[in-house]
There are 2 protein chains.
Amino acid sequence: MITLYGFPNSRSLRAVWVLEELGVEYDYRHVDMMAGEGQGEAHLARHPDGKVPVLEEGELTLFESTAICRYLAERHGEPDGLLPASIEGRARVDQWMSFVVSELEQPLWTQAKHKFALPQEQRVPAVLPTAAWEFQRALGAVQRRFDGEGWLAGDRFSVADVLLAHTLSWGVQFKHRLPEALNDYRKRCMSRPALARAIERDKPVAETR
Amino acid sequence: MITLYGFPNSRSLRAVWVLEELGVEYDYRHVDMMAGEGQGEAHLARHPDGKVPVLEEGELTLFESTAICRYLAERHGEPDGLLPASIEGRARVDQWMSFVVSELEQPLWTQAKHKFALPQEQRVPAVLPTAAWEFQRALGAVQRRFDGEGWLAGDRFSVADVLLAHTLSWGVQFKHRLPEALNDYRKRCMSRPALARAIERDKPVAETR
């Protein structure tokens, strides 16, 4: 049985999205990050920094959204499904997932940290314009290779698209302007039925709404 | 034939290290980042943001150090060599590589960017103390799972150790204090003969010294 630990509107949506694309059964448990549950003993035993998502399956406890998405696609997906079958094809997916997380997402995370996520005394709002500049720069690098036609890494929708579309949407939420073609690509990814189901599962449970 | 594009004292050392661990033949080409060669047309055709490392092998052009290290280990390594053979074992390696790059390395990169790597007008030195605090926090998270005994992801030296040891060394270079056990682990990794050979290859060519 698969258990996914997550929190609404966080990186855990990436993992739920992949689970829904794969159509596998899973138990989704909300970790109440607002109430400090992430830093509680039980969750720190799952994630050494108290974050989400965390995946449990059998003996495996896994953190980091890219590793979870890739594992799920490899373990539960068809060959050439969400992950290419060839070593080279997988390497291209890894390359883009790493680029998205370390170049495109980091400026957004810097914005989030210095707006609200860091302890008050660690926030330096003066860094926000630089973060915005870095996001646009990373977007420019994406555009040098990917114009929004087709899919990011190969000729099928892959976990690299999950990462890019989710991160672009985060950018839109943070009021960044996207080039039209990349925004169209983002909307095309975000209109997938699996994501609609994922968003439904991702919602806070009725009791806490 | 494998060609690796790199620059001394950069993330490209990770890829050279893995190449030397694997004992495969490769051509190492220096991209003169100080002279702006990274942003030249030829290198931008290899890397959309003009960075290193970049790996070329046959039809494949690959960027992002984690993707390159993983690809090399999978394509050229023994099963259960630098990369575990099982899907679960590989997922643990992916998890730690992602954690190292996105949590442990990013504060160091933030320090580098705001000290020298960003254009002058984008630097915000006020963010440096927060970056130092974030590095120590990420180090604390590593320690919750890994005390420096044995290896990071499984019972063998893997590409995850290449990433962690290289990043810890970057931390030492930036005058961060490491817990003694993690520093001993770092030294144990850094004393591998393959790394000594990699550092030799990584040096600037004689003409440009």
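The values are calculated or read from the model by the stated rules, or taken from the named source; none is laboratory data. Computed from a prediction, not measured in an experiment: that's the story for all the values here. With ideal geometry, Cβ positions are generated from the backbone for all residues, glycine too; neighbour counts draw on all protein chains shown. For accessibility, only protein heavy atoms count, side chains too; no ligands or nucleic acids. Shrake-Rupley method; radii C 1.70, N 1.55, O 1.52, S 1.80 Å.
Listed here are the residues, each with its yes/no results for (1) over 22 Å from A:Lys51 (Cα atoms); (2) at the interface with chain B (Cβ under 8 Å from one of its Cβ atoms); (3) in contact with a helix residue (DSSP H, G or I) (Cβ under 7 Å, 6 or more places away or on another chain).
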site	(1), (2), (3)
A:Ala91	yes, yes, yes
A:Ser102	no, yes, yes
A:Gln111	no, no, yes
A:Phe116	no, no, no
A:Val127	yes, yes, yes
A:Ala138	yes, yes, yes
Report summary line: Residues of region B:3-21 being outside any helix (DSSP H, G or I) and open to solvent by 30 Å² or more (accessible area, probe 1.4 Å), in sequence order, are B:Phe7, B:Asn9, B:Arg11
Query - Residues that are open to solvent by 40 Å² or more (accessible area, probe 1.4 Å) and either more than 8 Å from chain A (Cβ to nearest Cβ) or under 21 Å from the mean Cα position of the chain (by Cα) (or both), drawn from region B:140-151 - result: B:Gln143, B:Arg145, B:Asp147, B:Glu149, B:Trp151
Query raised in the report: Hey, any hits in region A:172-194 for a residue that's among the acidic types (Asp, Glu) and either modelled with pLDDT under 95 or surrounded by 15 or more Cβ atoms within 10 Å (Cβ to Cβ) (or both)?
Result: no
Requested in this report: Please name all residue pairs, on different chains or six or more residues apart, with Cβ atoms under 8 Å, provided the first residue is in region B:150-176 and is without any contact (Cβ under 8 Å) to a residue 12 or more places away in the chain and the second residue is part of a loop (DSSP other than H, G, I, E, B).
Outcome: B:Trp151/B:Phe157; B:Trp151/B:Ser158
Query raised in the report: When you go through (1) at the interface with another protein chain (Cβ under 10 Å from one of its Cβ atoms); (2) under 18 Å from the mean Cα position of the chain (by Cα); (3) among the β-branched types (Val, Ile, Thr); (4) more than 17 Å from A:Lys113 (Cβ to Cβ) one by one for B:Ile87, which number turns out not to apply?
Result: (2)
Report task. Give the residues of region B:46-65 that are facing chain A (nearest Cβ under 7 Å) and farther than 16 Å from A:Glu103 by Cβ, sorted by residue number. Result -> B:Leu60
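Here's the yes/no breakdown for (1) in the same structural domain as A:Asp202 (by TED's automatic domain parsing); (2) closer than 29 Å to A:Phe174 by Cβ; (3) within 17 Å of the chain's Cα centre (by Cα):
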| site | (1), (2), (3) |
| --- | --- |
| A:Ser10 | yes, yes, yes |
| A:Leu19 | yes, yes, yes |
| A:Asp27 | yes, no, no |
| A:His30 | yes, yes, yes |
| A:Gly36 | yes, yes, no |
| A:Ala45 | yes, no, no |
| A:Pro48 | yes, yes, no |
| A:Pro53 | yes, yes, yes |
Requested in this report: Kindly indicate whether B:Leu128 is closer than 27 Å to A:Trp109 by Cα, open to solvent by less than 10 Å² (accessible area, probe 1.4 Å) and among the aliphatic types (A, V, I, L, M).
Outcome: no
